[in-house]
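Have a look at the structure below, then the notes.
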Amino acid sequence: MTAPLLNVNGIEVIYNHVILVLKGVSLQVREGSVVALLGGNGAGKTTTLRAVSNLLEGERGEVTKGSIELRGERIEKLSTSAMVERGVVQVMEGRHCFAHLTIEENLMTGAYTRKDGRAAVAATLEKVYAYFPRLKTRRASQAAYTSGGEQQMCAIGRALMANPKMVLLDEPSMGLAPQIVEEVFEIVRDLNAKEKTTFLLAEQNTNMALRYADYGYILENGRIVMDGAAAELRENEDVKEFYLGVG
Ligand code: ATP
């Protein structure tokens, strides 16, 4: 077995020095896989992603126990931009496009750490447009005037502009119509298959996430309570009862 790309080992996260939110979370993400981090509101999914991409500091949070390794390198103390340079980017929940910028300007902000020149960046932009033809059509529109689905696509496209190895995707389905959610997940599958991009995605939409992921972890109240191959989790009676809405 090859070592995982990402190894999260027993992390605790505390906000504001007192609020213990993650109580020993461990998970592994293999290179080239799609891993779903599942669980209800407040379970700790976003916090786990923030810990990996080093976005906790701005939230007054810190990893107080455990370790996080990317290809065997300890990364808990790295900055967010150092993570981007190592190929790890996060697409935050709620999409976060710059409302006053056009779709194309938003996408270009994702290339800020690139050092491989304008031609390479332009080639990535064309690739992003090939995956998201809707964004190409809307390239000159201000993000504020685009739909929720287009903004989600823009947020993912912007992350892709950094040429990532791994994308951390926080609740891509949030607030989107089922058909658009499906469209977004199809693109994730495509990127994984063709670009070998690894995904760690946090989702409350268990049903959808387990259709597209290879492996899943279920988080409850800051602890992983179950994990397994996506196909196995979909057949698991407890998962069906508590997370898939099927008795
Ligand atoms: P959701 O789907 O609602 O985003 P989640 O599973 O992603 O849920 P988190 O956002 O990680 O969960 O939140 C886990 C817990 O941490 C919640 O109780 C939340 O109130 C708390 N929390 C999150 N961010 C902060 C913060 N910046 N300061 C203090 N507490 C926080």
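The values are calculated or read from the model by the stated rules, or taken from the named source; none is laboratory data. Owing to the predicted nature of the structure, the values given are computational and were not obtained by experimental measurement. Cβ placement follows ideal geometry from the backbone for every residue including glycine, while neighbour counts extend to all protein chains displayed. Note: accessible area is taken over every heavy atom of the protein model, side chains too, but ligands, DNA and RNA are not part of it. Shrake-Rupley method; radii C 1.70, N 1.55, O 1.52, S 1.80 Å.
Which trypsin sites (Lys or Arg not before Pro) does the stretch 163-245 hold that lie in a coil by DSSP with at most 12 other beta carbons within 10 Å? When the trypsin sites (Lys or Arg not before Pro) of the stretch 163-245 are filtered for loop state and at most 12 Cβ neighbours within 10 Å, LYS196 remain. Between ARG30 and ARG211, the simple label model (points 7 Å from Cα in the Cβ direction) yields a spacing of 2.4 nm. Modelled label positions at ALA193 and GLU76, each set 7 Å beyond Cα in the direction of Cβ, lie 3.9 nm from each other.
Helix 178-195 and the longest principal axis of the Cα set of the chain meet at an angle near 90°. Counting every pair of alpha carbons in the chain, the share spaced more than 21 Å apart comes to 56 percent. Rounded to the nearest percent, how much of the accessible area of the chain (1.4 Å probe, protein heavy atoms only) is carbon and sulfur? Whole-percent figure for carbon plus sulfur exposure: 50. Taking the chain as a Gaussian network of alpha-carbon nodes connected by springs under 10 Å, the highest mean-square fluctuation of the residues GLU59, GLU183, GLU69 belongs to GLU59.
With the simple model of a label 7 Å out from the Cα in the direction of the Cβ, LYS65 to LYS240 spans 3.6 nm. Annotation note: chymotrypsin sites (Phe, Trp or Tyr not before Pro) in the stretch 39-134 located in DSSP loop regions with a Cβ neighbour count of at most 12 within 10 Å are TYR112. The mean accessible area for residues of the chain, using a 1.4 Å probe and ignoring ligands and nucleic acids, is 47 Å² per residue. Using 0.36 nm per residue and subtracting the Cα-Cα separation, the extra length available between LYS115 and MET174 on full extension is 17.9 nm.
Other residues within the sphere of radius under 12 Å centred on the Cβ of PHE132, judged by their own Cβ, net out at 0 (K and R +1, D and E -1).
Using just the helices of the chain, give the 222 nm mean residue ellipticity in deg cm²/dmol: DSSP H runs with n ≥ 4 each add -39,500 (n - 2.57), and the total is spread over all residues, rounded to 500. Dividing the helical sum by the residues of the chain leaves -10500 deg cm²/dmol. In this structure, the amide hydrogen of TYR215, modeled 1.01 Å from its nitrogen in the peptide plane, lies closer than 5 angstrom to those of VAL34, ALA36, ALA230, counting only residues at least 5 positions away or on a different chain. Taking the chain as the region of interest, the number of lysine pairs whose Cα atoms are within less than 17 Å, with members eight or more places apart or on different chains, is 10.
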